[in-house]
Amino acid sequence: MTEINFYHLTFSPLERALPKLLERTLEGGKRALVLAASEARVDALNSQLWTYEERGWLPHGSAKDGHAEQQPIWLTDSIENPNGASFLFLTDGSEHPEVAAFERVFELFDGRDDAAVQAARDRWKRYREAGHTLAYWRQDDDGRWEKAN
């Protein structure tokens, strides 16, 4: 079954947390698919990944850039996997009907939004019932990730 990790964002917004997780994905030799809720969000994340650090950027693309097969990180608002990613990042409450097709899934949700927290709980229950391996990560007061039991 797929390993699904929930990331409860309380200290850092998605725009700061996602690049660090994507860095680790690439360091591990994996490809990533980032599913966002809208084209506007894809555009915002696309810009963010070019500028999130003064001396850093992540190789990525979206439908506007093309050449998906050459992109280690693909940003989309559609149910697709054109870059052959094995890691799926779900943002903004987006859902993918085929999580079992991925090695790992990262559910990132805003812990300051009650509706987002409840939706994440609902997805957790569905994933558990489907037999996936689940883990829950939360940010400490310094923004570091702690795995909760």
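Between Asn46, Val34, Gly61, whose Cα lies farthest towards the positive end of the dipole of the chain when Lys and Arg beta carbons carry +1 and Asp and Glu beta carbons carry -1, centred on the Cα centre? The one lying farthest along the dipole's positive direction is Val34.
Taking the range 1-83, which trypsin sites (Lys or Arg not before Pro) meet the DSSP loop condition and have no more than 13 other C-beta atoms within 10 Å? Display every interim value, and only then the final one.
Values: sites: Arg16, Lys20, Arg24, Lys30, Arg31, Arg41, Arg55, Lys64; in loops: Lys30, Arg31, Arg55, Lys64.
Hits after loop and neighbour filter: Arg55, Lys64.
Note on Ile79, Ile73: ascending count of other Cβ atoms within 10 Å places them as Ile79, Ile73, the fewest first. Of the GluC sites (Glu not before Pro) in the range 7-68, the ones in a loop by DSSP (not H, G, I, E or B) with at most 13 other beta carbons within 10 Å are Glu54. Between Ala130 and Asp43, residue separation times 0.36 nm minus the direct Cα-Cα distance comes to 28.1 nm. This model, with +1 at the C-beta of Lys and Arg and -1 at the C-beta of Asp and Glu, gives the range 1-128 a dipole about its Cα centre of some 400 debye.
Relative to the present Cα-Cα distance, how much length would full extension add between Glu53 and Glu98 at 0.36 nm per residue of separation? Don't skip to the answer; put the middle values down first.
Values: separation 45, 0.36 × 45 = 16.20 nm, distance 3.25 nm.
Gain on stretching Glu53 to Glu98: 13.0 nm.
Between Glu27 and Glu69, the distance separating the two model label sites (each 7 Å from Cα on the Cα→Cβ line) works out to 3.1 nm.
Say R0 is 25 Å: what FRET efficiency, to the nearest 0.05, do Asp141 and Ser86 get from their beta-carbon distance?
About 0.15, to the nearest 0.05.
Determine the gain in length on full extension of the stretch Thr10-Arg121; use 0.36 nm per residue of separation and subtract their C-alpha separation, reporting nm with one decimal.
The span from Thr10 to Arg121 would gain 38.4 nm if fully extended.
In the set (1) 22, 18, 14; (2) 56, 12, 9; (3) 36, 20, 13, which value of semi-axes √(5λ) of the Cα gyration tensor in Å was calculated from the structure you see? The calculated read-out lines up with (1). Calculated mean residue ellipticity, 222 nm, the chain: -9500 deg cm²/dmol, from DSSP H runs (n ≥ 4) at -39500 (n - 2.57) each, averaged per residue and rounded to 500.
Throughout, read-outs are computed from the coordinates displayed, never taken from laboratory work. Just so you know, these numbers come straight off a predicted model, no measurement behind them. Don't worry about glycine lacking a Cβ; one is built from the backbone with ideal geometry, like all the others, and counts go over all protein chains shown.
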